[in-house]
1. Semi-axes of the equivalent ellipsoid of segment 150-190: what are they in whole Å, largest first, if each equals the square root of 5 times a C-alpha gyration tensor eigenvalue?
2. If you build the Cα gyration tensor of segment 115-217 and take the root of 5 times each eigenvalue, what three semi-axes come out, in whole angstrom, biggest first?
3. How much accessible area per residue does segment 66-207 have, in Å², with a 1.4 Å probe?
4. To the nearest 0.05, how large is the calculated FRET efficiency for residue 207 and residue 76 if R₀ is 25 Å and r is the Cβ-Cβ distance?
5. How many angstrom separate the Cα center of segment 166-187 from the Cα center of segment 200-235?
6. For segment 67-171, what Kirkwood radius comes out of the mean inverse Cα-Cα distance, in Å?
7. With equal scatterers on the alpha carbons only and no solvent term, can you work out the Debye log10 of I(q)/I(0) for segment 235-275 at 0.21, 0.22, 0.31 1/Å?
8. Give me D for segment 213-252 in µm² s⁻¹, whole number, from Stokes-Einstein with Rh from the Kirkwood sum over alpha-carbon pairs, 25 °C and 0.890 mPa s.
Amino acid sequence: MASGHLITRRAEHVPSRAIRRGLTRRGLSCAALAAVLAAWHPGVLAQGEPSGAQCGKPAYLTFDTGHMAIAPLVADVLNRQQVRVTFFGANEKTVVGDGSLGDHWASWWRARAAEGHEFASHTWDHAYWRADINRADGTRFRIRASAGDKAGRDQIWTAAEYCRNIEHAALRLEAITGKKTLPLFRAAGGKTSPALLMAARQCGWQHVGWSPAGFLGDELSSEQYPNSVLLDRALGSIRSGDVLLAHLGIWSRNDPWAPAVLEPLIVGLKAKGFCFRTLREHPQYQDWIAAKAHK
């Protein structure tokens with residue numbers, strides 16, 4: 001989890017925090033709030049994304065799975081804004097349905113594939129790395145999954161078992177969407193070790209974390225970090241090339257970050273000259289993805 005001083009400098013021409021707070025307290029929907037924001041940014045709300053060659057300030061918005069209750073609203077915002085993102089999928093517990101990669105949500109994932117989004121693994125069991133265990137016959141990993149039939153219990157996995165868990169989620173996404181997943185993964189909580197990263201690379205998976213400013217804060221306490229604070233921090237601190245992290249539902253946050261902050265954030269970043277790209281276009285991962293595509 002990222003830490004550091006909150007940055008409250010507002011993006012140029014973005015309405016003040018007090019104005020935004022007043023609008024949200026009046027019960028405006030995400031779309032209505034974005035429409036008000038668009039009055040400060042003529043044409044930004046409906047504008048399409050520039051082509052790759054014209055993208056001078058890329059940002060790479062990524063979503064990890066979660067309880068999925070807000071997933072349809074997130075999809076609406078991304079569609080309206082014509083923004084493509086990368087989704088990292090694990091089969092997590094959901095408010096409705098049989099898990100985030102279960103049959104209930106399959107049509108949602110297929111629709112995102114049709115819209116041009118990219119997909120990657122978040123491990124099947126949302127498996128947290130907890131420690132390396134060095135043994136004479138090879139390194140093992142202490143893992144605690146937050147999903148699946150062994151959720152909440154420590155397990156000892158070999159490198160091959162961890163790789164199979166990455167692959168399980170990737171193959172499920174491919175089966176649902178009909179689209180090949182990227183040879184990338186994100187560890188649960190971003191928790192890794194050099195040995196774990198090496199093991200994953202040896203079986204074909206490169207890890208993707210997020211930029212310090214790209215931690216959008218939707219995992220934090222609503223009381224200590226209200227949406228208005230998180231929006232101001234993101235608009236003031238995100239820089240070109242940053243990988244941004246959000247979730248499709250966080251159980252512990254009382255005032256969900258998405259979609260309430262999502263559309264004002266996209267609108268505000270567009271007004272500052274940003275464009276949005278998937279990780280397929282990220283210079284750090286392009287060669288890796290191309291090399292794996294030819295194997």
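The values are calculated or read from the model by the stated rules, or taken from the named source; none is laboratory data. Please read all numbers here as calculations on a predicted model, not as lab measurements. For neighbour counting, all protein chains shown are included, and Cβ atoms are generated from backbone atoms with ideal geometry for every residue, glycine included. To get the accessible areas, we keep the full protein, side chains included, count just its heavy atoms, and leave off ligands, DNA and RNA. Shrake-Rupley method; radii C 1.70, N 1.55, O 1.52, S 1.80 Å.
1. One finds semi-axes of 22, 11, 11 Å for segment 150-190.
2. 23, 16, 14
3. Solvent-accessible surface per residue comes out at 42 Å².
4. FRET efficiency, residue 207 to residue 76: 0.25.
5. Comparing the Cα centres of segment 166-187 and segment 200-235, I get a distance of 21 Å.
6. 15.1 Å
7. Ignoring solvent entirely, the Cα scatterers give -0.75, -0.80, -1.16.
8. 229 µm²/s
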